[in-house]
Every structure is written in C-alpha cells, then in structure tokens.
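For reference, the structure discussed in these notes is given below.
The values are calculated or read from the model by the stated rules, or taken from the named source; none is laboratory data. Keep in mind it's a predicted model, so treat the numbers as computed, not measured. As a convention, Cβ positions derive from the backbone with ideal geometry for all residues, glycine included, and neighbour counts pool all protein chains shown. Accessible surface is based on the protein model in full, side chains and every heavy atom, while ligands, DNA and RNA are left aside. Shrake-Rupley method; radii C 1.70, N 1.55, O 1.52, S 1.80 Å.
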Amino acid sequence: MALRNIDLAILSSFDIRVIYDVFLHEMVSLLQIDAVSLLEFDEFTQEFKLKVQKGLPNEELKKQSIKIGRFIPGKAAKERRIIKASLEEMDELLRKRIMEEQGFNIYYASPMIAKGKILGMVEILRRRRRRRMD
C-alpha cells in the first residue's frame, strides 16, 4: 500500500514537496520510525543539504551541509552503503545534540543511488522501544 501511495503521489503531482511529504509519511508509518530526513546531494559542491524532514523539529539542520566522506552521512555516501550508529557513535556534533535532546538512540544513513550516481541521503532516527511486560 505504501508503494502505491508514493506512486500515486508521483503520478498525480508536479509539486516535489507533495511527493516528498507522501514519501516521508509512508516511511514513518511503514517502518515505524520516529524521524526521517532527506538530504539532497549537490554534485558541484560535493555536499549534502537537508531538503525535507519529518519528526525533527530543528531548523539548524537546514543551514548545515555535509561534505561527501565527512561524518557518518558522508561516509555512507562515499562507501555506498547503509551505516547504523548509536548515539555514542555519532560523530557529527549537531546531529548528536539533536539525538540527545529528542531522545533518539539509533541513527541510520542510507545513500540514494541511481544509475551509479549519488542523488541524496535518507536519514532515519529511532527511539529505544520499551518492551511490554504482559
């Protein structure tokens, strides 16, 4: 159902913000995550900049850029693989502070690659789930 909703958004809208909003909404509900952000890759500057986010009420991220190869998101792009990091392993100070403030303890960086080109980065953040004792 999630892929169908994303497909419908792509086919029915020329507004990329609508498509991003549907994509983020479906990711959060399908994967049961707490926050997600999409970083756009600028091939000329070799930097990632925040494009959209859901569940991260922080404006500072919009002002920041991350060079390819730097910090966990840049390393994930350079190595073309998903990287998982705990709060203690987070090597970028702004994201680490946000994780601490918002109670996130797990971070994933996943590069978006098409036809061998890096297009962007998906960042996923989760809070520790408490197990129910029945």
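Look at the range 58-101 and say how many of its residues are of a type in the set (Lys, Arg) and touching a Ser or Thr at 6+ places or on another chain (Cβ under 9 Å). Before the answer, list the steps.
If we filter the range 58-101 for residues that are of a type in the set (Lys, Arg), which is where we start, we get 62-63, 67, 70, 75, 78, 80-81, 84, 95-97.
Subset that is touching a Ser or Thr at 6+ places or on another chain (Cβ under 9 Å): 67, 81.
The number of residues fulfilling the criteria is 2.
From the residues in the range 52-70 that are at pLDDT 90 or above and of a type outside the set (S, T, N, Q), which one is most open to solvent (accessible area, probe 1.4 Å)?
Out of the qualifying residues, it is Arg70.
Residue-wise test of (1) in a helix (DSSP H, G or I); (2) of a type in the set (Lys, Arg).
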| residue | (1), (2) |
| --- | --- |
| Leu39 | no, no |
| Lys51 | no, yes |
| Lys78 | yes, yes |
| Glu88 | no, no |
| Asp91 | no, no |
| Leu94 | yes, no |
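In this structure, does Ile113 turn out to be touching a residue at least 12 places away in the same chain (Cβ under 8 Å), surrounded by 13 or more Cβ atoms within 10 Å (Cβ to Cβ) and over 21 Å from Pro57 (Cα atoms)?
yes
Of the numbered conditions (1) at pLDDT below 90; (2) open to solvent by less than 60 Å² (accessible area, probe 1.4 Å), Pro73 satisfies every one except a single condition; which is it?
Single failed check for Pro73: (1).
How many residues does the range 28-51 hold that are open to solvent by less than 40 Å² (accessible area, probe 1.4 Å), free of Cβ contacts under 8 Å to residues at least 60 places away in the same chain and within 12 Å of Leu119 (Cα to Cα)?
Summing the residues that are open to solvent by less than 40 Å² (accessible area, probe 1.4 Å), free of Cβ contacts under 8 Å to residues at least 60 places away in the same chain and within 12 Å of Leu119 (Cα to Cα) in the range 28-51 gives 0.
State whether one or more residues within the range 116-133 are without any contact (Cβ under 8 Å) to a residue 40 or more places away in the chain, open to solvent by 40 Å² or more (accessible area, probe 1.4 Å) and part of a helix (DSSP H, G or I).
No, there is no match, as no residue in the range 116-133 is without any contact (Cβ under 8 Å) to a residue 40 or more places away in the chain, open to solvent by 40 Å² or more (accessible area, probe 1.4 Å) and part of a helix (DSSP H, G or I).
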